[in-house]
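Enquirer: Let me begin by handing over the structure; questions about it come next.
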Amino acid sequence: MAPVSKTSTPRLGKALKRAFFARDVREVAHDLIGATMLIDGVGGRIVEVEAYHHTEPAAHSYNGPTPRNQAMFGPPGYAYVYRSYGIHWCVNFVCEEEGSASAVLIRALEPTHGVAAMRRRRHLQDLHALCSGPGKLTEALGITIAHNALPLDRPPIALHARTEEMEVATGIRIGITKAVELPWRYGVRGSKFLSKPFPR
C-alpha cells in the first residue's frame, strides 16, 4: 500500500504580544498581513484586514461607547467581537492607546492549522472558500461572543508574526457606506484566499 502523503504545516513566527497592538491602527493592520491567527490551535495566515479609526464614521466607536463596542475603548491587544447583520460574528483586534477605540477587522485567512476542524464547522471542502470573509473565518475558527474582550496573547487565542515578506496591497474597505474613500484595506496581493481581489 502506498504511503499516505502529509501536508506540512507552516512554521510559526514569534508570538505577538499585546504591546504589538499599541501603535497606529493602520501600521498594525499592515503588519498583520502574513501573521498567523489561531484559536485553540485552529486557524491560518492572515491575508486580508481592514483598519478602523475612531475619528472616521465607519468605525463602530465613532459615536462613543455602547455595551456592544465597549471592548474597543479598552487597552490594545484584546479582541472585539460583534454580530454583523444579525447573522455572523466578526473579530477585530483593538489597537492604539486605551480609549482610542480603534481596531483591525480580520477579513480573510489562508487555512493552515486544523483544516479538518474548519471543514466540519463550515460543512465545506473548498479550502479557498473556508475563511474568505469575516463571517466565514469566525465560523471556521469557532469564534463567538464568548471571545469578546479576551487578550490576544493568551489561550485560546494565539498570534504569530509572519515569517516571510509579503507584497501587501491596499484599497478601499468593503461593504461600508461611510468614509468609503479611505484606502484602509490591506491584503496579500494575488492571494487565492481573499474575500475579494484587490484592483491592480
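Enquirer: What pairs can you find where one residue is in region 103-116 and of a type in the set (V, I, T) and part of a strand (DSSP E or B), the other is surrounded by fewer than 23 Cβ atoms within 10 Å (Cβ to Cβ) and modelled with pLDDT under 95, and their Cβ atoms are less than 9 Å apart, with a gap of 6+ or different chains?
Expert: T112/T9; T112/P10
Enquirer: How many residues does region 43-60 contain that are of a type in the set (D, E, K, R) and touching a Lys or Arg at 6+ places or on another chain (Cβ under 6 Å)? Step through it out loud before you land on a result.
Expert: Applying the first criterion (of a type in the set (D, E, K, R)) to region 43-60 yields 45, 48, 50, 56.
Narrowing further to those that are touching a Lys or Arg at 6+ places or on another chain (Cβ under 6 Å): 48, 50.
Residues in region 43-60 being of a type in the set (D, E, K, R) and touching a Lys or Arg at 6+ places or on another chain (Cβ under 6 Å): 2 in total.
Enquirer: If the requirement is being more than 14 Å from the chain's Cα centre (by Cα) and under 18 Å from L182 (Cα atoms), which of these qualifies: H30, H60, H88? Even if it seems obvious, please write down each step before you answer.
Expert: Values: H30 fails: more than 14 Å from the chain's Cα centre (by Cα); H88 fails: under 18 Å from L182 (Cα atoms).
Among H30, H60, H88, only H60 is more than 14 Å from the chain's Cα centre (by Cα) and under 18 Å from L182 (Cα atoms).
Every residue, every condition in (1) aromatic (F, W, Y); (2) at pLDDT below 95; (3) under 17 Å from Q70 (Cβ atoms), yes or no:
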site	(1), (2), (3)
W89	yes, no, yes
A116	no, no, no
R120	no, no, no
D126	no, no, no
T138	no, no, no
I143	no, no, no
P151	no, no, yes
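Enquirer: Moving on to the next point. In region 136-160, how many residues are surrounded by fewer than 18 Cβ atoms within 10 Å (Cβ to Cβ) and under 13 Å from the mean Cα position of the chain (by Cα)?
Expert: 0
Enquirer: Now for a different question. Being touching a residue at least 60 places away in the same chain (Cβ under 8 Å) and either within 22 Å of L127 (Cα to Cα) or over 15 Å from the mean Cα position of the chain (by Cα) (or both) is the filter here, so list the residues in region 181-200 that pass it.
Expert: Narrowing region 181-200 to residues touching a residue at least 60 places away in the same chain (Cβ under 8 Å): 182, 184-188, 191-195.
Within region 181-200, L182, Y186, G187, V188, S191, K192, F193, L194, S195 meet the criteria.
Enquirer: Of all residues being of a type in the set (A, V, I, L, M, F, W, C) and assigned to a strand (DSSP E or B) in region 34-77, which is farthest from L137 (Cα to Cα)? Just the residue, please. Don't jump to the end; show me each part of the working.
Expert: Of the residues in region 34-77, the ones of a type in the set (A, V, I, L, M, F, W, C) are 35, 37-39, 42, 46-47, 49, 51, 58-59, 71-73.
Narrowing further to those that are assigned to a strand (DSSP E or B): 37-39, 42, 46-47, 49, 51.
Details: M37: 11, L38: 11, I39: 11, V42: 11, I46: 10, V47: 11, V49: 12, A51: 17 Å.
The selected residue is A51.
Enquirer: Continuing with the same structure: Tell me which residues, restricted to region 153-200, are hydroxyl-bearing (S, T, Y) and part of a strand (DSSP E or B).
Expert: Here is the first cut: in region 153-200, the ones hydroxyl-bearing (S, T, Y) are 163, 170, 177, 186, 191, 195.
Listed by number, the residues that qualify are T170, Y186.
Enquirer: Can I ask one more? Could you count how many residues in region 78-92 are surrounded by fewer than 21 Cβ atoms within 10 Å (Cβ to Cβ), assigned to a strand (DSSP E or B) and not aromatic (F, W, Y)? Full working, then the answer.
Expert: Taking region 78-92 first, the residues surrounded by fewer than 21 Cβ atoms within 10 Å (Cβ to Cβ) are 79, 81-88, 90.
Subset that is assigned to a strand (DSSP E or B): 79, 81-84, 88, 90.
Applying the additional criterion that residues be not aromatic (F, W, Y) yields 79, 81, 83-84, 88, 90.
Going through region 78-92 one residue at a time, the tally reaches 6.
Enquirer: Based on this model, can you work out whether V168 counts as β-branched (V, I, T), under 18 Å from V25 (Cβ atoms) and over 16 Å from the mean Cα position of the chain (by Cα)?
Expert: Values: β-branched (V, I, T): yes; under 18 Å from V25 (Cβ atoms): yes; over 16 Å from the mean Cα position of the chain (by Cα): no.
For V168, the condition - β-branched (V, I, T), under 18 Å from V25 (Cβ atoms) and over 16 Å from the mean Cα position of the chain (by Cα) - is not met.
Enquirer: Please work out which one of (1) crowded, with 19+ Cβ neighbours inside 10 Å; (2) under 25 Å from V168 (Cβ atoms); (3) of a type outside the set (K, R) is the condition A19 fails and give its number.
Expert: Unmet for A19, out of (1) crowded, with 19+ Cβ neighbours inside 10 Å; (2) under 25 Å from V168 (Cβ atoms); (3) of a type outside the set (K, R): (1).
The values are calculated or read from the model by the stated rules, or taken from the named source; none is laboratory data. Since the structure is predicted, the reported quantities are computational estimates derived from the model, not experimental observations. For neighbour counting, all protein chains shown are included, and Cβ atoms are generated from backbone atoms with ideal geometry for every residue, glycine included.
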